[in-house]
Amino acid sequence: MSLKKLALTALAAFTLAACGAPSTSSTEKTESKKETVTVKIGVSGTNHPQWDYVKEQLKEKENINLEIVEFEDYVTPNTALEDGSIDLNAFQHILYLNKFNSEKGTHIKEIAYTMYSPMGAYSQKIKSLSELKEGDKISIPNDTTNGARALRLLHNAGVIKLNDVSNTLVTVSDIVENPKKIEIVELIAGQTYQSLPDVAAAVINANYAVDAGLTPKTDAIYLEEVNEASKPYYNVIAAREDRAKEEVFKTIVKYYQTKEVAEISNREFRGATIEIWDRAKIED
């Protein structure tokens, strides 16, 4: 090879090195060394398109593997979080979480708000709660917080009267007026929909209503209003207290609290959810 050709070859090699070839960039080397982090999050039910979206985004952009663990009730997602079987959960409102900690001695903390899902009364027999007849049955959830929420709904709808509607932990013993002698049937929250053929009406949590194919805004014969009294029922992402400030959790929250997630939830859950992370913040 001539000296002229050797010089040109050396110059080309120097130019490539100076510009930086894509296959050897420092950014790619850093990314290739970034290990995949797996985080298990517990959710209620099998329909969770918003979390499916977040999972895809985290995998693509952050190399975080979000493993979605499905539960059929409102108890085991918290016991699993407490014993370390999962890392996060997202299924409950703040009132339920606080009551669970108090009753079970668990150490679970809310780290971010997600959605508010109005509870509603549904029926296969009547079009309005005003059509209830004497002695009719209404099923409600049997857990402390959701049962109280259902009773407050019935109070606001004029079916019964409670001694203190502001009390978020009222029970059937707090009913002071029941003019139509309505029989309150307490069931596991997930079974209230199944009771519809046997009762005049059922008060059903939004997630179970949607799972059953109902559209709260159009199918409910009475739906909770969204106001200041709704705050105890804001849903949250929760972690164990000793892990609440982990950076990976903050990243997951960031990818959840987006307009894309709000749009997916509104579309897939047919208006049953309202994003509330811009309305309220969780204090550290």
Open item on the list: Looking only at helices (runs of 4 or more DSSP H) that lie completely in the range 38-141, which have at least 3 residues being touching a Leu at 6+ places or on another chain (Cβ under 7 Å) and more than 25 Å from Tyr222 (Cα to Cα)?
Closed with: 49-62
TODO: With respect to Tyr113, determine if the residue is farther than 22 Å from Gln257 by Cα and within 16 Å of the chain's Cα centre (by Cα).
DONE: no
TODO: Working only within the range 118-176, note down all residues that are under 23 Å from Pro197 (Cβ atoms) and free of Cβ contacts under 8 Å to residues at least 12 places away in the same chain.
DONE: Glu131
- [ ] Run down Ala121, Ala112, Ala90 and say which single residue is more than 20 Å from Ile252 (Cβ to Cβ) and touching a strand residue (DSSP E or B) at 6+ places or on another chain (Cβ under 6 Å).
- [x] Ala121
Open item on the list: Tell me which strands (runs of 3 or more DSSP E) are completely within the range 165-277 and hold 3 or more residues being modelled with pLDDT of 95 or more and surrounded by 20 or more Cβ atoms within 10 Å (Cβ to Cβ), or say none if there are none.
Closed with: 201-204, 234-240
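The values are calculated or read from the model by the stated rules, or taken from the named source; none is laboratory data. Since we're looking at a predicted model, the values are computed, not measured. In this analysis, Cβ positions are derived from the backbone assuming ideal geometry, glycine residues included, and neighbour counts consider all displayed protein chains.
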